[in-house]
Amino acid sequence: MEAITTTLRDSKTARWTALALVSFTMLCGYYLADVMAPLKPLLEKELLWNSAEYGIFTSAYGWFNVFLLMLILGGIILDKMGVRFTGKMATITMIAGTAIKYWAISTHMLDNSVILGIKAQVLIAGLGFAIFGVGVEVAGISVSKIIVKWFKGKELALAMGLEMATARLGTALALSTSVPIAAAFGKVSAPVLVCLIMLVIGMISFLVYTVMDRKLELSEAEEASGDLAEAEESFRFSDILFIIRNKGWWLIAILCVLFYSSVFPFLKYASDLMVNKFGVKESVAGIIPGLLPFGTILLTPLFGNIYDRRGKGATIMIIGALLLILVHTLFSIPFLNQTPVAIVLIVILGIGFSLVPSAMWPSVPKIIPEKQLGTAYALIFWVQNMGLMGVPALIGWVLNKYCITGTRLVDGVEVSSYNYTLPMIIFTGFGILALVFALLLKAEDRKKGYGLELPNIKK
C-alpha cells in the first residue's frame, strides 16, 4: 500500500498564513513606492522642484537595478541562497534606502547645493529611492518564488493575485493618504517617515515567515527521507543562457515592461493629471487614482482564480492590453475633461491592471523550471525596471519641454500648469505594443504547448 506523505504546504492554514505574511511586507514596500505621486504639487511648492526634476527623482527607482544589474544579482542570490536569506537582505535594503530618501527631503543641509548639474536634494533623494528600488524589487522576486514554493499545483494564480492585491492596497493607501499626512504634519517629508515605520513592521512580518519556511523545508526533508539536496538542484550560471534563449520568456518580459510602463509611470503623474485636466483640488487629487489599486484588490484574485480553474492565461493578457489602449486613448482627448469621466476611466484601467498580472506572473512557471525561477523573475523585473526608470523621466521631460500652458497659484505660490494630451498618447502607444506582444505570446503558446490556456489546478 502506497504511503501518503504530506508537507506543511498541504495545510491550507499554513500556506495562506505564509502568503499573508509576505504579502503584508510587499504592501509596506509599495506604500513607499507610490507615496510621492500625489505630492508632486507640494514638491514644486515646498522644495521648488520642477517636472523634469520630479521625473529624474521618480526614474531613480530603476537606476541600480538597470545599470548595476542589481536585480539580476538578486535573482542569482535567490536561487543560490534561498528565499529566507534573500528576503531578509531585501527588507533591510528597503529600510536603508527609505531612510536616505527621508533625510534628503527633510533636511536643509542640501539647500542651494548642486551635484552633477542636478539639485543635491533631488539627487540624494533619488539615490535613496534607487537603493529602495533594489530592495523592493528583490523582495518582489523572492515573494514570487515563495508563492510558487507553497502553491505550485494548487491555487497558484489565486495566491499571486491575492499577493498583488495586497501590494496594490499599499499603492491605494499611498495615493489616498500621502497628502492628508503631509497636511497634518505640515511637511512634505512626513508621509515618507510613515513609510519608514511601516517598512520596519514589514521586515518583522517577513522574519515571522522565515520561521514557517524553515518548518516547510524540514517537512520536505522528512518526506524525502532526509535528502533535501536531491529535492532541489543547484543554480548554475549556464541557466541564464537557457532562460534568455527561451522565446516565451522574452515575450512575457517585453509584455511586462510595456504593460507596467503604461500603468506605474501613469500613476506617478495621475494626481497631477487630475489637477491640470479635470480641475480637481490638489488636496484630494490622489483619491481618484487611488480607486485603481482598490479595484485590483478585488479583481486580481478573481481573475487569478479564473486562471487557476479555467485557464485562458494568454487570452486574459490580450483583454487587459485592449483595456489599457481604450483608457489612455480616452484620457488623451482634450474635451473629455469631466471628473466623472476620469473616475470611470480609472475604474476601467483598474480592471486592465488586474487582468494582465493575474495571468502573467503565474504563467512564468509554465515556461521556466522551478530551480531557475528566481533568476527568470529577476531578469523580467530587470527588463521591467528599464521602463520604470526611463518612462517617468521621459514623461517629466515631455511635460517640461512641450506641455507647459501657463501657471497657477497653489497656496499663494506660482507653479506650472500642464497639458497632458501628449503624455497620454505616449502611454497609449505602450498599450498598443503590449497588445501586439500578448498576441505573439498566445501564438507561441499554441506552437510550443506551454499550457498558458490550461488551468493551473491539477485535478
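No lab work stands behind these numbers, since they all come straight from the coordinates. Remember, it's a predicted structure, so these values are computed and weren't measured experimentally. Cβ atoms come from the backbone with ideal geometry, glycine included; neighbour counts cover every protein chain shown.
Annotations
- For region 390-459, a crude dipole built from +1 on the beta carbon of Lys and Arg and -1 on the beta carbon of Asp and Glu, taken about the Cα centre, is about 540 debye to the nearest 20.
- Computed about the Cα centre, the dipole magnitude for the chain is approximately 700 debye when only Lys and Arg (+1) and Asp and Glu (-1) carry charge, each at its Cβ.
- One chain, two ends: Val436 and Glu414. Fully extended at 0.36 nm per residue, the span grows by 3.6 nm beyond their Cα-Cα distance.
- Label point distance in nm, Ser283-Arg446, each placed 7 Å from Cα along Cα→Cβ: 5.6 nm
- Given charges at beta-carbon only (K, R positive; D, E negative), |dipole| of region 1-105 in Debye: 260 debye
- Exposure proxy order (Cβ contacts within 10 Å, fewest to most) of Val341, Val122, Val192: Val341, Val122, Val192
- Sorted ascending by nearby beta carbons within 10 Å, beginning with the fewest, Arg309, Arg168, Arg15 become Arg309, Arg15, Arg168.
- Length added when fully stretched, Leu218-Trp103, from 0.36 nm per residue minus Cα-Cα: 37.1 nm
- Over 27 Å (Cα to Cα) - which of Lys101/Lys152; Lys277/Lys401; Lys312/Lys447; Lys268/Lys442; Lys247/Lys268 fall in this group: Lys101/Lys152; Lys268/Lys442; Lys247/Lys268
- Three-way shape call for region 71-188 based on the alpha-carbon gyration tensor, with the a/c threshold at 1.5: oblate
- Farthest toward positive dipole pole in the chain [+1 Lys/Arg, -1 Asp/Glu at C-beta], among Tyr402, Ala167, Ala125: Tyr402
- Each of Ile197, Ile319, Ile288 was scored by other Cβ atoms within 10 Å of its Cβ. Arranged with the fewest first, they read Ile197, Ile319, Ile288.
- The label-point distance for Leu336 and Ile425, in a model that sets each label 7 Å from Cα toward Cβ, rounds to 1.6 nm.
- Backbone amide hydrogens, once placed in the peptide plane, bring Leu454 within less than 5 Å of Lys312, Gly313, excluding anything fewer than 5 places away on its chain.
- Ile92-Lys371 FRET efficiency (beta carbon distance; Förster radius 25 Å; 0.05 resolution): 0.45
- Among the DSSP helices (H) of the chain, those spanning at least 18 angstrom by Cα along their long axis with an average Kyte-Doolittle hydropathy of 0.0 or more are 12-34, 83-106, 120-151, 156-185, 190-223, 247-261, 264-278, 287-310, 313-332, 339-367, 373-402, 421-448; this is a geometric and hydropathy rule only.
- Near Phe129: Cβ cut-off under 15 Å, other residues only, Lys/Arg at +1 and Asp/Glu at -1. The net charge is +1.
- Rel. contact order, % - alpha carbon contacts under 8 angstrom, at least six apart, the chain: 27 percent
- Calculated mean residue ellipticity at 222 nm for the chain: -26000 deg cm²/dmol, from DSSP H runs with n ≥ 4 weighted as -39500 (n - 2.57), summed, divided by the residue count and rounded to 500.
- Take the Cα of Asp111, step 7 Å toward its Cβ, do the same at Lys247, and the gap between the two points is 6.1 nm.
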